[in-house]
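The values are calculated or read from the model by the stated rules, or taken from the named source; none is laboratory data. Values in this document were obtained by computation on a predicted structure and should not be read as measured data. Using ideal geometry, Cβ is built from the backbone for each residue, glycine included, and neighbour counts are taken over all protein chains shown. Protein only, heavy atoms only, side chains kept; ligands, DNA and RNA dropped before computing areas. Shrake-Rupley method; radii C 1.70, N 1.55, O 1.52, S 1.80 Å.
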Protein chains: 2
Amino acid sequence: MLGLMQDWPLLCTKVLDHAATYHGRREVVSRSVEGPVHRTDYATLRRRSLRVAKRLEREGIGLGDRCATLAWNTWRHMEVWYGLLGLGAIYHTVNPRLFADQITWIVNHAEDRLLFVDLTFLPLVEKIAADLKTIEKIIVLTDPDHMPEVSLPKEVAVYEDWLAEADDDFAWKTFDENTAAGMCYTSGTTGSPKGVVYSHRSNVLHAMAAVTPDMMAISSRDRVMPVVPLFHANGWSLAFSGPLAGATLVLPGPRMEGEAIHGLLQDERVTMTAAVPTVWLMLLHHLEATGGTLDYLKRVVIGGSACPRAMTEAFQTRYGVEVYHAWGMTEMSPLGSICTLTPEYADLEGAARLDIQEKQGHPPFTVEMRVTDDEGTDVPWDGKTFGRLKVRGPAVAEAYFKGEGGEICDADGFFDTGDVAHMDANGYMQITDRSKDVIKSGGEWISTIDLENLAVGHPDVAEAAVIGVAHPKWDERPLLVIVPREGREPSRDDILAFMAGRVAKWWLPDDVVLVEEIPHTATGKIKKTALRDQFGDYRLPTA
Amino acid sequence: MLGLMQDWPLLCTKVLDHAATYHGRREVVSRSVEGPVHRTDYATLRRRSLRVAKRLEREGIGLGDRCATLAWNTWRHMEVWYGLLGLGAIYHTVNPRLFADQITWIVNHAEDRLLFVDLTFLPLVEKIAADLKTIEKIIVLTDPDHMPEVSLPKEVAVYEDWLAEADDDFAWKTFDENTAAGMCYTSGTTGSPKGVVYSHRSNVLHAMAAVTPDMMAISSRDRVMPVVPLFHANGWSLAFSGPLAGATLVLPGPRMEGEAIHGLLQDERVTMTAAVPTVWLMLLHHLEATGGTLDYLKRVVIGGSACPRAMTEAFQTRYGVEVYHAWGMTEMSPLGSICTLTPEYADLEGAARLDIQEKQGHPPFTVEMRVTDDEGTDVPWDGKTFGRLKVRGPAVAEAYFKGEGGEICDADGFFDTGDVAHMDANGYMQITDRSKDVIKSGGEWISTIDLENLAVGHPDVAEAAVIGVAHPKWDERPLLVIVPREGREPSRDDILAFMAGRVAKWWLPDDVVLVEEIPHTATGKIKKTALRDQFGDYRLPTA
Ligand SMILES: Nc1ncnc2c1ncn2[C@@H]1O[C@H](COP(=O)(O)O)[C@@H](O)[C@H]1O
């Protein structure tokens, strides 16, 4: 027997309709790529998105067509998203920080038909345009006044002119809520990049979960600044969860350096913001250098890689801004968990509170977690036994585009995140490693992240990475690679002495090497594959 | 092209799984029907619900079977809900305050197979049991120590004994998320009661919308007391939204008088509660009489009928508790809107703030509203032009059980709420009447609720109702019926003089009659049908 409730598909455009109808005058403020701050509101943004949809339809774009964007967070980028969504076409955000040939490969693999590009990335596009086999037209996200001369082997349009060719007398198309909505390739440290394909349903459910009080807690009174780019892991869903909550949006455009971000936080009275630790490091440096304050900001969501304890402490004690440590991944739309404090922890203060905030937190309803050993058996939730972190939910990937990578979920439907983590008795998860980075020493696991966090606590260490190196007796043993702080040259023994006693003896690295630079991926994570290549034949003194 | 996200059906049991896994030690506190306060937690509640499911299955209950409950809000009632949900069977909450023959009619119409009943309602059940044609067994929600002698023409079981016959080694069944989950009959002022059939999907989506910061804003740090009974309009979804948020639940059982409610609010440090105005009137009287305070309560959700301005003022200024005026209906699962303050209104104070709080507020994402005139044309959103309020969404009824009442949605899929309302420019809705109560005077509409609110402002008036009475020239004109305060006898002219100037002249009632009592429905609303019967032939002095 079925329920007798209305059939109301969860379509992304309904989110914008809601914002435009009940929060229509709430602003969407952008730092434009051209420079000045631009202001619009949800009602206007919706009308412009309807025009985008109508114009796209004239372009021959419809259900199932992919269109790429190489763009910063601005109102125009959002209009393009919603315009595509309103046709059942698919926004494909491409990360412009990837290598040119990776971008080419991704756009060709996705078979994108149109490319929307910000002025910033025109030089890049000029380089690769000839190789973008399926791109029929390149639309430059600017107005005629700012359009430079370009030499491109494709049809080119200036966004505002192109858009002016349509009016907003248009109705969103409707279709199955499982229809593809968006696409984002994971940087994939092994093999080629893999396309994650979000559906309307997954985006909507994810946004509903993201705004809840124990997650990002977004209300209509919030002024939200998504510093995390739309091209990073579905923009952490803020292009959906912001309008769903009726929150004001402040989009930072191309400028992410400390001064620019601080300026917007203050001028636009931002109450909540979100980005990776690197961005916040720049902001904190800027604040320290200038004596700046954060007068309106209440909370900052930090994820993408582990949020250093010192960063949490700086935000909370120096600037009065609460840190929400978050974990997620492209395959999860991307939110997996947030470290807001449930009653068991809510009253903690000082160091005890920071201890908990090093955890990546607890999941929203719609995310199920499991931590298992190599045999697939659940490990105890004791806050220390770690294993493979697996997830299940309506906004978790079932497969990659074109079946790349084959079956990615186990028999119970769980997706292996590739992260290694433990859970505590209160359901808080903490990442201890990536499963391909974790070191297996004599059958026991050693967390490289724990060792790295410990090593960067040494006053002479700027950055640290730990990898496993072959060992005749133990299979693998840890090697610590460090970038010293400018002008410092700490000794191996000095570092190891610092670490000893703070970690199990058998976890201590077998050797320490100093390097000038540690390689990073396009999303700012340590590229351990490169390190492993570099130190593949390293002979440990203990071997 | 479809998205490549996991197929994860929105089943109600996943809500309880989430609570038990990540908020497992959060308490569910109940005032038991037997008297003492009972304490359990989500992890235990889930295990007991699994036992209910297993035991029900042995009873032959499965997909699509309806089972009735005549019960207060307690942990046992919740276990029965989730046990049924875990089989794809259907909880059917029956309102014990209905007349005995209405209850009989409803249970027979629903074809309920089992009846779960609280001790309180055993006398009632003894009266009607013989007529409950489809009920196979009656399970009394108590333990053997408290089980009285009963004489019932059906098989009878004591809940705790019955439950002890199963263990919790059971897995929830899975099925289509559109499967029927629950049933609730609307009291229906015309015709027979009509069954609303919720689905798993509608309940889950509704709960996700209900907890968002602009709606009930429920977090894991909240201690939520649903005073509204589970048998009223799906219990305002709190049996789902509470666990979904991981909030502590405080269930008041059978005692709703001021003293009992105040005791729980204080002893259990309740932060949020919800019920109809009548309940809060009792609490406010009790507080006034005893000089009591509300030391933990932060907000109270008031709906079911319009929240009087004086009540909002008392809670906010005297007790420091924020009022969330809410509107909904059984057919909406039930939440339609809540009057939390968006930025346009958030800074208002005093009378200006109370003015806004008289509105029923703005809808969550998933509820679409429309206000039209008799021809179906949208009226302007100017905060004064009123018309028929229509709604659409995934938790809004599409039809009634067994097709009673025929097609209930229009061509655009909107359900006519039967309420008359206006919308303002910021998307705030205010109910001005029921469409069958609104008075059509010379083709123009007069709001009976506005007149009633005005009349009760007179110091001598305890309660007021306005109905339309036939008029030769204007078709209908308003008649004001009042219950005077004890010992007072206000005159017609006195009342009309008080109202004049505060309302358009042509809205003024044509006459005033004093009565001892105004008839009410089982859910505490004024029964205008009865009043219209009583005053059907009333001859207005103006006629
Ligand atoms: N808060 C965090 N702490 C540690 N690692 C994180 C965190 N957030 C994300 N990650 C890592 O980033 C991966 C997802 O990468 P991406 O899909 O590129 O966003 C996860 O699987 C984690 O390894």
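How much of the DSSP beta bridge set in the protein assembly as shown is antiparallel, as a percent to the nearest 5?
Working: 100 of 176 bridges.
Roughly 55 percent of the DSSP beta bridges within the protein assembly as shown come out antiparallel.
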Cβ nearest the rotation axis (B onto A), residue from chain B and distance to the nearest whole Å: B:Met208, 2
Solvent-accessible area buried by pairing B with A, both sides, nearest 100 square angstrom, 1.4 angstrom probe: 6000
Accessible surface of A:Tyr538 - all protein chains present, 1.4 Å probe, nearest 10 Å²: 60
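Taking the Cβ-Cβ separation of A:Asp145 and A:Ser305 as r and a Förster radius of 25 Å, what is the calculated FRET efficiency to the nearest 0.05? Intermediate results must be reported in sequence, preceding the final value.
Numbers: r = 40 Å, r/R0 = 1.59.
Plugging the Cβ-Cβ distance into 1/(1 + (r/R0)^6) gives 0.05.
Give, as a single signed number, the net charge of other residues whose beta carbon lies under 10 Å from the beta carbon of A:Pro343, with Lys and Arg counted +1 and Asp and Glu -1.
Numbers: positive: B:Arg25, B:Arg26, B:Arg221, B:Arg223; negative: A:Glu344, A:Asp347, B:Glu27, B:Asp222.
Taking every other residue near A:Pro343 into account, the sum is 0.
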Size of electric dipole in the protein assembly as shown: Cβ of Lys, Arg +1 and of Asp, Glu -1, about Cα centre, debye, nearest 20: 80
Segment B:97-201 - share of DSSP beta bridges that are antiparallel (%, nearest 5): 45
Copy-to-copy label separations for A:Gly413, where each label sits 7 Å from Cα toward Cβ, in nm and ascending: 2.4
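Let me spell out the model: positive unit charges on the Cβ of Lys and Arg, negative unit charges on the Cβ of Asp and Glu, origin at the Cα centre of chain A. What dipole size does that give, in debye rounded to 20?
With Lys and Arg at +1 and Asp and Glu at -1, about 580 debye.
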At 7 Å out from Cα toward Cβ: B:Ala351 inter-copy label distances (nm, ascending): 5.8
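What average count of beta carbons from other chains do you get within 10 Å of the Cβ of residues in A:17-24? Let's see the in-between values first.
Details: counts 2, 8, 1, 1, 8, 16, 7, 4.
Counting other chains' Cβ atoms within 10 Å and averaging over A:17-24 gives 6.
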Degrees between helix B:42-58 axis and first principal axis of chain B (Cα, 0 to 90, nearest 10): 70
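Report, in deg cm²/dmol and to the nearest 500, the calculated mean residue ellipticity at 222 nm for chain A, where each DSSP H run with n ≥ 4 adds -39500 (n - 2.57) and the sum is divided by the residue count. Walk me through the intermediate numbers first.
Numbers: 15 runs with 142 residues, N = 543.
Dividing the helical sum by the residues of chain A leaves -7500 deg cm²/dmol.
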For chain B, alpha-carbon Rg and Dmax in angstrom: 23.7, 74
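Partner chain Cβ atoms within 10 Å, averaged over the residues of B:215-228 - can you pull that number for me?
Values: counts 1, 1, 4, 3, 10, 10, 7, 3, 1, 0, 0, 0, 0, 0.
For peptide B:215-228, the averaged partner shielding equals 3.
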Surface per residue (accessible, 1.4 Å probe) for chain B, Å²: 36
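To the nearest whole percent, what portion of all C-alpha pairs in segment B:182-244 is separated by more than 16 angstrom?
Details: 968 of 1953 pairs.
Here the tail beyond 16 Å accounts for 50 percent of pairs.
Report, for chain A, the % of DSSP beta bridges that are antiparallel, rounded to 5. If you can, show how the numbers build up before the last one.
On the way: 48 of 86 bridges.
Around 55 percent of the beta bridges assigned by DSSP in chain A are antiparallel ones.
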Kirkwood hydrodynamic radius (C-alpha pairs) into Stokes-Einstein, segment B:82-222, 4 °C and 1.567 mPa s, D in µm²/s: 75
Cβ-Cβ FRET estimate between A:Thr385 and B:Leu281, R0 fixed at 41 Å, reported to 0.05: 0.15
Peptide-level mean, for B:202-214, of C-beta atoms on other protein chains within 10 Å: 6
Rg/Rg_globular for the protein assembly as shown, with Rg_globular taken as 2.2 N^0.38 Å and Rg from C-alpha atoms: 1.00
Delta accessible area of at least 10 Å² on complex formation, residues of segment B:424-443, 1.4 Å probe, chain isolated as reference: B:Ala425, B:Asn426, B:Gly427
Area of B:Val512 that stays accessible when all protein chains are in place (1.4 Å probe, Å², to 10): 20
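Apply 1/(1 + (r/R0)^6) to the Cβ-Cβ distance of A:Lys440 and A:Phe99, taking R0 = 35 Å, and write down the FRET efficiency to the nearest 0.05. Could the numbers behind the result be given before it?
Values: r = 32 Å, r/R0 = 0.90.
For R0 = 35 Å, the calculated efficiency reads 0.65.
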Label point distance in nm, A:Lys473-B:Ala462, each placed 7 Å from Cα along Cα→Cβ: 9.2
Inter-copy spacing of A:Asp295 label points, which lie 7 Å from Cα along Cα→Cβ, given in nm from shortest upward: 3.8
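Run through segment A:149-214 and list the trypsin sites (Lys or Arg not before Pro) located in a DSSP loop whose Cβ has at most 10 other Cβ atoms within 10 Å.
Working: sites: A:Lys154, A:Lys173, A:Lys194, A:Arg201; in loops: A:Lys154, A:Lys173.
The qualifying sites: there are none.
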In degrees, nearest ten, helix A:75-85 long axis to first principal axis of chain A (Cα): 80
Estimated inter-spin distance, A:Thr290 and A:Lys127, nm [label 7 Å along Cα→Cβ]: 3.1
